[in-house]
1. Kindly list, by first and then second residue, each pair from a residue in the stretch B:85-100 that is at the interface with another protein chain (Cβ under 9 Å from one of its Cβ atoms) to a residue that is modelled with pLDDT under 70, limited to pairs with Cβ atoms under 8 Å and residues at least 6 apart or on different chains.
2. Can you tell me which residue within the stretch A:202-232, out of those that are within 7 Å of another protein chain (Cβ to nearest Cβ) and touching a Phe, Trp or Tyr at 6+ places or on another chain (Cβ under 7 Å), is modelled with the lowest pLDDT?
3. Report the residue count in the stretch A:79-98 for those that are within 8 Å of another protein chain (Cβ to nearest Cβ) and among the basic types (Lys, Arg).
4. If I filter the stretch A:70-102 down to residues being small (Gly, Ala, Ser) and part of a helix (DSSP H, G or I), which single residue comes out as nearest to A:Val260 (Cα to Cα)?
5. Does the stretch A:158-171 include one or more residues that are surrounded by fewer than 16 Cβ atoms within 10 Å (Cβ to Cβ), at pLDDT 95 or above and in contact with an Asp or Glu (Cβ under 6 Å, 6 or more places away or on another chain)?
6. I need every pair where a residue in the stretch A:37-61 that is touching a residue at least 12 places away in the same chain (Cβ under 8 Å) has its Cβ under 6 Å from the Cβ of a residue that is in a helix (DSSP H, G or I) and surrounded by 11 or more Cβ atoms within 10 Å (Cβ to Cβ), sequence separation at least 6 or different chains.
7. Looking at (1) out of contact with any Ser or Thr (no Cβ under 7 Å at 6 or more places or on another chain); (2) within 14 Å of chain B (Cβ to nearest Cβ); (3) free of Cβ contacts under 8 Å to residues at least 24 places away in the same chain, can you tell me which one A:Glu261 breaks?
8. Take the residues in the stretch B:133-156 that are more than 14 Å from the chain's Cα centre (by Cα), facing chain A (nearest Cβ under 7 Å) and surrounded by fewer than 21 Cβ atoms within 10 Å (Cβ to Cβ); name whichever of them is farthest from A:Ser253 (Cα to Cα).
Amino acid sequence: MLARSLLRVPNRAIARQSLGKSTRASSTAAGAESASSPFHLTLTASLATAAAAGSAAWYYHLYGQEAFASTPAEEGLHPTQYPWVHQRFNKTFDHAALRRGFQVYREVCASCHSLTRVPWRSFVGVMHTVDEMKAMAEENEYDTEPNNEGDIEKRPGKLSDYIPAPYKNDEAARAANAGALPPDLSLIVKGRHGGCDYIFNLLTGYPDEAPAGAAVAEGMNFNPYFPGTGIAMGRVLFDGVVEYEDGTPATTSQMAKDVVEFLNWAAEPEMDDRKKMGVKAIAVLSGLFAISVWVKRYKWAPIKSRKIVYSPPIGPRR
Amino acid sequence: MGFTDFFTDVVSSLGFAEAQAEAPAADVETSSTPQDEPAEKTEEATEDSESAEETAEETPAEESSEEAPEEEEAAEEEEEEEEEEEEEDEPEDIKPKLEEDCANSAKCAPYKHHYDECVERVTRQEEEGDDFKGVKEDCVEEFFHLTHCATACAAPKLWRELK
């Protein structure tokens, strides 16, 4: 306000002077005097520019910089990117790898982690046959509907049942794992930053020993990729833990790769179909576009090739 | 229906293999394109290792003790070959070896240098124990940088080896 009131006084004086001198400035042609802009205009523009730049700088000073309060260890090591074949837009899942990955899940992960959103039927035709899946489902017991006496009995599983969880509920899972809850793996690939890369790195990234000086709490394991670096899950994938039925050497990284691809399938079972639909859409839409170009040419042909001729009326001869 | 068949033919010719609900026959597995390459590669690799093994077996015997660096190289080669052979009987992961090689390469040398220096510093602190008057530190950050460099370097190599 102070600056403005100080400015105003000379401004008015200058304005009055200029008004008095050239009264018909708007209508007359620009003379030599009006070619150079008056001082007060230059000053106002300069101050406005300075104020704009200053307020922007002040805003950046106050709110612009993001605060990084966490240390790198709390943030966790960002996962290394691997060239996953199934993530390319024109590639499907490797279904042999899915089958191996499910074997790894059943033999290693399933003792702690549930996969509750995946039913047995979804494997049929994707990586197993109907008979194989029926046999697997029948190995598990499920509750029946209440019978005539109102009792709930047990029955062998069917294809329409969902994969049973290893624990009855989250509390039981925590109690069995020293307070740590093993997350459900159905959507884990979608549910973690880094997706496939994160899980692969997590599974294979346990170092032989924690780096010097790193604090590892009791009952925890050091894993650089887990935010906070202390993870309750120990390393589970060791060379040769699983024996693959197709003879693939079951190294740690091979098993991790397979199980991650399987978990990606569990989270996105529609991926293969989605990509197929994409190619279909490209085929159909490009066909329609081509047809529309030809039709446009056809419809416009008479318009483009017409000739407008003005033949003046033949008046009576003068 | 010839017109719609044309589109299904086009789509099927684009290489989307149909999912077979039948029991997986060996022929069906090999016919799909993405699996062919790794299988061939492993075969080639084993062949190479066998042929290289013969030469490697001869070299250490001929070399004298003066040619120490060359001998070391030969020994490393032998180790690699052994690993590749063991994969058939008892699988051994190639990932730690690849990453160690990457960590020792020139690309990750600065990170390795910093990490080693940090480990040395911190272990000295721990030895001093309560006498140490300074900021307690750990090597997690240095470890992150080194690990990130090593895994990023080893990632494509590892994927070439895996099925």
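1. The qualifying pairs are B:Glu88/B:Thr46; B:Glu92/B:Glu83; B:Glu92/B:Glu86; B:Ile94/B:Glu83.
2. A:Ala214
3. Residues meeting the conditions: 1.
4. A:Gly101
5. no
6. What qualifies is A:His40/A:Asn11; A:His40/A:Ile14.
7. With respect to (1) out of contact with any Ser or Thr (no Cβ under 7 Å at 6 or more places or on another chain); (2) within 14 Å of chain B (Cβ to nearest Cβ); (3) free of Cβ contacts under 8 Å to residues at least 24 places away in the same chain, A:Glu261 is out only on (3).
8. Among them, the one singled out is B:Glu137.
The values are calculated or read from the model by the stated rules, or taken from the named source; none is laboratory data. Remember, predicted model here, so these are calculated numbers, not experimental data. Ideal geometry is used to build each Cβ from the backbone, glycine not excepted, and the neighbour counts take in all protein chains shown.
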